[in-house]
Amino acid sequence: MKAFLLLLTLLVAAGCSKTEAPAPVAAGPRTYAVRGVVQEIPADRRHATIKHEKIPGFMSAMTMDFSVKDTNVLNSISAGDEISFSLLVTENDDWIENVKRTGSAAVTLPPGWSVGQAQLNVGDALPDFEFTTESGARVRFADFRGQAVAFTFFFTSCPLPEYCPRMNKHFAEARKLLVADVGGPTNWQFLSLSFDSDFDKPEILGGYGSFYRGTNTSQWLFAVASSNTMASLAPKVDLSFWKENGTFSHNLRTVVLDAQGKIAKQFDGNDWTPEQLAAAMREAALKK
């Protein structure tokens, strides 16, 4: 959330704001009372896709995947149920509790929420794409040939700690592990790609990236992809995102390319660790 507050400062200075400012970080979780309609609950019942109403002071109405710490929270809850629930948010995490059924409604998942299998698999070569970095420079995947590349997707206004902020924090920790790896490979690169081309301009990306990475841009770039680029790249790695009420709903995808530009590993969701990413990068860097 500190990253979000830093971003908000930048937006105010620029005379624009995309989302409402969250309350200051407190000692314990901030709790929001929310109402919504359950769209989907997977078999493991570790999370639920909920189309929720506006959360005043925190988030616009949208469809999101919310985690639970106790799967019993979702007992007797199914798709189509109208519910009330508590959203708890800390600096590094968010989850829902006190889920109560209040009625029923139609399931109206946004187009693209349920995505199919990725068009490309491990071992496949990823086509070349161009991006604009925080400095305004144009880069392509081909520019990093000979290096292992880890890239993930985000947008700077993402409000939930376990979504884009967690991806960035995992990248920061994995980068530290690789830098400290005496005798380990040095031919690697991290790339954080925004899909919000309307808002995430170089000056925004620079301030946002500096929070997670510091001023040293070595081996970690923040960049933005055009809408045309994302239309082609997203289905290749099973990324799904769409605009809803002025913001984005999306899933999480992190991909590792080997030094030949082939897909070496894909991390889905947010349950992977920085140690796992660093290990995948070490292995991918050797495939020259």
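The values are calculated or read from the model by the stated rules, or taken from the named source; none is laboratory data. Please read these numbers as outputs of a predicted model, since none were measured by experiment. All Cβ positions, glycine included, derive from the backbone under ideal geometry; neighbour counts span all protein chains shown.
Scan (1) surrounded by fewer than 23 Cβ atoms within 10 Å (Cβ to Cβ); (2) within 18 Å of residue 254 (Cα to Cα); (3) of a type outside the set (Val, Ile, Thr) for the single condition residue 164 breaks and write down its number.
The number of the failed condition is (1).
Within segment 130-146, identify whether any single residue is assigned to a loop (DSSP other than H, G, I, E, B), in contact (Cβ under 8 Å) with a residue 60 or more places away in the chain, under 26 Å from residue 189 (Cβ atoms) and outside the structural domain of residue 265 (by TED's automatic domain parsing), and answer yes or no.
Pass one, segment 130-146, residues assigned to a loop (DSSP other than H, G, I, E, B): 134-137, 145-146.
Still in the running and in contact (Cβ under 8 Å) with a residue 60 or more places away in the chain: 134-136, 145-146.
Right, trim to under 26 Å from residue 189 (Cβ atoms) and you get 134-136, 145-146.
Filter once more, so that each one left must be outside the structural domain of residue 265 (by TED's automatic domain parsing): none.
No, segment 130-146 contains no residue that is assigned to a loop (DSSP other than H, G, I, E, B), in contact (Cβ under 8 Å) with a residue 60 or more places away in the chain, under 26 Å from residue 189 (Cβ atoms) and outside the structural domain of residue 265 (by TED's automatic domain parsing).
I'd like the full set of residues that are in contact with a Leu (Cβ under 8 Å, 6 or more places away or on another chain), in a strand (DSSP E or B) and more than 21 Å from residue 127 (Cα to Cα), limited to segment 248-288.
If the condition is that a residue be in contact with a Leu (Cβ under 8 Å, 6 or more places away or on another chain), in a strand (DSSP E or B) and more than 21 Å from residue 127 (Cα to Cα), then 250 is the only one that fits.
Which one of these does residue 147 not meet: (1) closer than 23 Å to residue 277 by Cβ; (2) in contact with a strand residue (DSSP E or B) (Cβ under 9 Å, 6 or more places away or on another chain); (3) among the polar types (S, T, N, Q); (4) surrounded by fewer than 15 Cβ atoms within 10 Å (Cβ to Cβ)?
So the condition that residue 147 fails would be (4).
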